[in-house]
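A short write-up of the structure that comes next.
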Amino acid sequence: MLGKLKTVFFFPVASYFKFFAQIRLRRWNPKIIVITGSSGKTTLLHLVEAQIQNKAKYSHHANSAMGIPFDILGLSRNSLQASEWLSLFLLTPVRAFSKPFLEKIYVVEADADRPDEAKFLARFLHPDVTIWLNVGRTHSLNFENLTPDKFPTVDEAIAYEFGHFLENTKSLVIINSDSDLITNQLKRTTTKIVKVEIADLKEYILNKNSTEFAVDQKRYKFNNLLPREIFYSIKAVLELLSYLKIKPDESFSKFQIPPGRSSILQGIKNTTIIDSSYNASLGSMNALISLFKNYPAKEKWVVLGDMLEQGKFAKEEHEKLADAILALNPDKIILVGNLVSLYTYPKLKTIITDGNKIKAFDKLKDVLDYLLNNLKGEETILFKGSQSIMLDGVIEKLLQNKSDADKLCRTGNYWTTKRAQKLL
């Protein structure tokens, strides 16, 4: 019942904040750059920030129809309690007429978790530049009712929603031309189009603690683990800098990978933890599993959780996940969650007969207990799953240096308490 009420009132409430945010946005009048797509938006935003730095304001931790107006108004939810809303409603008109930000560029991460959200944001922001690099079934559950009457497939429904940004972009769109779902939406824009394609990637090298990309006769080295697909983001950033007439820092020396996106952490017993626990869709799962396949390590373990909000595609997507795991062939497979247990585990068991190689659990506490009792030392462990699975709770207990908990994707007292509850 509460969930239905939130759905019904989401856009009316968001419209209240948008109305006043629009006042401040017009008074500010920055050049607006929208970063959108099903996944990888935050990493791309950080790549842009590494180049533009303090020339721009960035919508960190805000990407929704509610969050972006909040960001423009300088509002935030601190306690995440319902009681906060009254003060936010009362403060909003005041913030609309507060002094505009000084930066002349606004870089916005914009999502489309539900039908009409991209339309809502695109008509609100009217971006100068849109960067759109992928389409996936991250929130397909919310788009199911649009098929087959309005769209042949849920993928096309999601792509059409993102396409509203193309319609409302004024100067430049930068897109992944290897995606038919994206290129099919290009007819909706009359502005300049720059296409990025994987053929422009000349070489990809994955080392133990770094990644190299060869692009346009230049090499870009990052002291992070980045999947091959990040090439699209690197190339898009270079195209954006060309448009802005900003000389690139070819070292990307200011780049810091967002927490929970293939971060390397030191675990107990001299283990290596690759923390990609922020979120999961099949596309991001495949990207990280592919990275892990090429990662130099003696013994590889994976701890994988459910991919949520897949709706009627849950079975199909989780069975495809099993195929990716089989191609990786790790030394140990640990699954946690209802969906991986129901769909991924049975398919894996038809091929893997060794009961010691694959384990499936319902509770995070059982995963933690298994790891504590079975890690011998020197293993490299990849963690990935949807946010609400909260695999970072397990990671926190496995850290060699407890201060590294500050590097997890969700920090603060609220999330520390939530993680502890999940481990009960």
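Using a Förster radius of 41 Å, what is the FRET efficiency between Glu197 and Ser251 based on their Cβ-Cβ separation? Nearest 0.05, please.
About 0.95, to the nearest 0.05.
Rounded to whole Å and sorted largest first, what semi-axes of the equivalent ellipsoid does the C-alpha gyration tensor of segment 97-255 yield via the square root of 5 times each eigenvalue?
Taking √(5λ) for each eigenvalue gives 29, 21, 15 Å, largest first.
Across the Cα atoms of segment 201-251, what radius of gyration and what greatest pairwise Cα-Cα distance (Dmax) are found, in Å?
Every Cα atom of segment 201-251 included, Rg and Dmax give 11.1, 35 Å.
Sort 93-100, 393-400 by packing, meaning the average of other beta carbons within 10 Å per residue, with the highest value first.
Most protected by this proxy first, the peptides run 393-400, 93-100.
In the neighborhood of Glu117, defined by Cβ-to-Cβ distances under 10 Å, what is the net charge if each Lys or Arg adds +1 and each Asp or Glu adds -1?
-2
If all Cα-Cα distances of segment 47-159 are sorted into 10 Å bins from 0 onward, what percent lands in each bin, rounded to whole numbers?
Over segment 47-159, the share of Cα pairs per 10 Å bin runs 12, 35, 32, 18, 3 percent.
What is the helix-to-structure angle for 84-96, meaning the angle in degrees between its Cα long axis and the longest Cα principal axis of the chain, kept from 0 to 90 and rounded to the nearest 10?
Roughly 40 degrees between the two axes.
Would you work out the relative contact order for the chain, in percent, from Cα pairs under 8 angstrom that are 6 or more residues apart?
14 percent.
So what does the Cα-only Debye profile of segment 344-424 read at q = 0.27 Å⁻¹, as log10 I(q)/I(0), no solvent term?
So the normalised log intensities work out to -1.49.
Give the Rg (one decimal place) followed by the Dmax (whole number) of the chain, computed from C-alpha coordinates and expressed in Å.
Rg then Dmax for the chain, in Å: 21.7, 66.
Modelled label-to-label distance, Ser83 and Ser177, 7 Å Cα→beta-carbon offset: nm?
Simple spin-label model gives 5.7 nm for this pair.
What translational diffusion coefficient, in µm²/s and rounded to a whole number, does the Stokes-Einstein relation yield for segment 3-111 at 10 °C and a viscosity of 1.306 mPa s, taking the hydrodynamic radius as the Kirkwood radius over Cα pairs?
108
So if we plug the beta-carbon distance of His126 and Val8 into 1/(1 + (r/R0)^6) with R0 = 30 Å, what FRET efficiency do we get, rounded to 0.05?
0.65
So what is the relative contact order of segment 179-299, in percent, for Cα pairs below 8 Å that sit 6 or more residues apart?
Across segment 179-299, relative contact order equals 20 percent.
In bins 10 Å wide, starting from 0, what share of all Cα pairs of segment 192-304 does each bin hold, as a percent?
Pair shares across the bins are 12, 43, 32, 11, 2, 0.
Average projected area of the Cα convex hull of segment 10-57, in nm²?
Computed as one quarter of the Cα hull surface, the answer is 4.5 nm².
Could you do me a favour and compute the accessible area per residue for segment 261-408, 1.4 Å probe, result in Å²?
41
What's the FRET efficiency of Phe151 with Lys312 using the Cβ-Cβ distance as r and R₀ = 22 Å, to the nearest 0.05?
Between Phe151 and Lys312 the formula returns 0.95.
Using the crude model of +1 on Lys and Arg Cβ and -1 on Asp and Glu Cβ, and no other charge, please compute the dipole size for segment 83-131 relative to its Cα centre, in debye to 20.
280
Any idea how far apart Glu144 and Val94 come out in nm if each label point goes 7 Å out from Cα toward Cβ?
4.4
Please work out how much length the chain gains when fully extended from Gln387 to Asn54, using 0.36 nm per residue of separation minus the C-alpha to C-alpha distance, in nm with one decimal.
My answer for the length gained is 116.9 nm.
Using per-residue counts of other Cβ atoms within 10 Å, averaged over each peptide, order 149-156, 221-228 from highest down.
Put in order of decreasing packing, that is 221-228, 149-156.
Between Asn184 and Asn207, 0.36 nm times their residue separation minus their Cα-Cα distance comes to what?
My answer for the length gained is 4.7 nm.
How much mean residue ellipticity at 222 nm does the chain get from its helices, if each DSSP H run of length 4 or more adds -39500 (n - 2.57) and you divide by all residues, to the nearest 500 deg cm²/dmol?
Result for the chain, helices only: -11500 deg cm²/dmol.
At 0.36 nm per residue, minus the direct Cα-Cα distance, what do Phe101 and Lys402 gain on full extension? Give it in nm, one decimal, please.
Taking 0.36 nm per residue and subtracting the Cα distance, the gain is 104.6 nm.
Within the set of other residues whose C-beta is less than 15 Å from the C-beta of Ile33, count the net charge using Lys and Arg as +1 and Asp and Glu as -1.
My count for the surroundings of Ile33 gives +2.
Using packing as a proxy for protection, rank 308-316, 256-264 so that the peptide with the highest average count of other Cβ atoms within 10 Å comes first.
256-264, 308-316
Using Stokes-Einstein with the Kirkwood hydrodynamic radius over Cα pairs, what translational diffusion coefficient do you get for segment 171-215 at 37 °C and a viscosity of 0.692 mPa s, in µm²/s rounded to a whole number?
Answer from the Stokes-Einstein relation: 263 µm²/s.
Once phi is turned into θ = phi - 60°, what whole-Hz ³J(HN,Hα) does the Karplus curve with 6.51, -1.76 and 1.60 give for every residue of segment 60-76, x standing for Gly and Pro?
Each residue's phi maps through the Karplus curve to give 4, 6, 9, 9, 10, 4, 8, x, 5, x, 4, 4, 5, 7, x, 9, 7 Hz.
Normalised radius of gyration for segment 272-312, please: alpha carbon Rg relative to 2.2 N^0.38 Å, two decimal places.
Computed over Cα atoms of segment 272-312, the ratio equals 1.28.
Past the 17 angstrom mark, what percentage of all C-alpha to C-alpha distances in segment 241-375 do you count?
Every Cα pair in segment 241-375 considered, those over 17 Å come to 64 percent.
The values are calculated or read from the model by the stated rules, or taken from the named source; none is laboratory data. This is a predicted model, so every value here is computed, not measured. All Cβ positions, glycine included, derive from the backbone under ideal geometry; neighbour counts span all protein chains shown. SASA here: full protein model, heavy atoms, side chains in, ligands and nucleic acids out. Shrake-Rupley method; radii C 1.70, N 1.55, O 1.52, S 1.80 Å.
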